[in-house]
Amino acid sequence: MNKMHEVAKYEYTRHVNNRAFWITLFAVPAGILLIMLLSVVITFASIDTDPVGYVDQAGLIKQPQVQPEKTSFFEPFIPLIPYADETSARWAAEDGKIQGYFVIPQGYTDSYQLIYYFNKPLSSEIRTEVDTLIRTNLLAGETIPNFERLTEGSHFTQVSLDGTRIVEENEAAKIIIPMVISFLFVIAVMTSGGYLLQALVEEKENRTMEIVVTSVSPNELMAGKIIGNLSVGLTQLLAWTVVAAAVLISFGDRIPFMQNLQVPWNELILSLLLTLPAFVFTSALMAIIGSTVTETQEASQVTGLITLPIFLPYYFLSLILQNPNGTFARILSFFPMSAPLAMSTRIAITNVPTWEIILVFVIMVFFCLLTIWLAGRAFRRGMLQYSKRVSLSQLFAKEAGRE
C-alpha cells in the first residue's frame, strides 16, 4: 500500500507540476466565462433601445411613461414618445428618429387592440413598456387589493397522478447543477484521464514499465496511477467550483436569472458524490486501454468510444425530463459513465427512492473495483506482449491473472 501511495503521489505531482495542467485549469473556466459573457453581451446588445412613438386617439394616456432612476445593461429602457397624430409619428419613423409607433384607437377598452407600425418588428421589451404604460393609465385612481400579486398571475405546481413527480415553477433552474457538474466531469475525464492514457502508452512504448514493475506490483501500480489521476481531476473540479462560486457571489445579484436561484445543497453533494466513482471507473477504463494498445494514435481512436456514453444523457435529456422514472432514464442512472447527469437530473426533478440511490452507488463501486482489477490484469498481460494488442478475452483468461 505504501508503494501505491508513492505511485499516486508521483502521478499527481507529475501532472500538477506540468505547465499544460495550469493552462487547462485556468483556460477552461476563462473560456466558459468568456463564451457566457459574449452570449449575454450579444443578446442584450441586439436590443434596440431607440424610442418608440405612440398616438393616443382614445385619450387614454394621462400619466406619461416614468423613466427609472437607474438603468442597467441587463434591464434596458425604451422611451415612449407621444405624438399628436399619425402623420407626425410616421414622419419621425421614416426619418429614423423612432423605431416605430403604435396607435391606441378610439374604443380601445372595447377591443383592447393596438396597431403597431414599425421599421423593426415588435420586440418583447417594447411590448413590456407599452403594456406597463397602458395598464398604469387604465388603473389610475383605482384601488385594487393585492394588485402587484394579481399581475404576477397564478403559480402552478404540477403533481403526477402516482405522486412520484412534482414540477414547480423553477423546473428549468433545477437542472443547472446537474448540467454544470456533469460538464465539469466531462472536462476532468478528457484531461486527467487523457493524461493517464497517454502516460501508460508512452511508458509501454519506451518499455520503462519493465523497470517500474521490478519494485511495485502491477495492481499497486495501476491503483496508484488511478488514484493519482483521480486527485488531479478532483483538484480541477475544486478549482472550477471555487471560480463558479466566486462568480455567483460577485455577479449573481446583477443577473436577473440568477437572482432567485437557490442552491439545493443536498442535491449538489449527491451530484458530486456520483462523479467520484464515475471518474474512477472511467480512469480505470483508460488504464485498461493504455495497457492493451501498442501506439498512442491507436489509444486516441479508442478513447472516443469511452467518452461517447458520457454524452448519452445530453442527447436524451428531454426524454429524461419528460419521464424521469421511466425505464430508459433508470438504465442511464445505473450505468457508471452516464450516472452523474442522469441520476442527478432525476434527483433534482423527481422523488427517487432511497434504495435506488444506494443501489446505484453500490453498482458504481462494484464496477470501479472490477475495472481496477481488470486494469492490473491488462497490465500484466500487456507486459508479456508489449508489441501486440491485448484482446478483451485475454483479460479474463487464467493466464492473464498469473503473476
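To the nearest 0.05, what FRET efficiency results for residue 35 and residue 314 with a Förster distance of 25 Å applied to their C-beta separation? Plugging the Cβ-Cβ distance into 1/(1 + (r/R0)^6) gives 0.90. Label separation (residue 24 vs residue 355): 4.1 nm, computed from points 7 Å beyond Cα along the C-beta direction. When you count the other C-beta atoms within 10 angstrom of each residue and take the mean per peptide, 330-338, 23-31 line up highest first as 330-338, 23-31.
Over the range 14-115, what number does the Rg to Rh ratio reach, with both radii from the alpha-carbon atoms and Rh per Kirkwood? Taking Rh as the inverse mean 1/r over Cα pairs, Rg/Rh reads 1.34.
Length gained on full extension, residue 322 to residue 6: 109.0 nm, using 0.36 nm per residue less the C-alpha separation. Placing dummy labels 7 Å off each Cα toward the beta-carbon, the span from residue 114 to residue 305 is 6.1 nm. Taking Cβ atoms as reference points and 11 Å as the exclusive limit, the residues near residue 216 contribute a net charge of 0, counting Lys and Arg as +1 and Asp and Glu as -1. Counting 0.36 nm for each residue step from residue 58 to residue 43 and taking away their Cα separation leaves a gain of 1.9 nm.
Read-outs: derived from the displayed coordinates by stated rules, not from any lab. All values derive from a computational prediction rather than experimental measurement. Here Cβ is always computed from backbone atoms with ideal geometry, including for glycine, and neighbour counts include all displayed protein chains.
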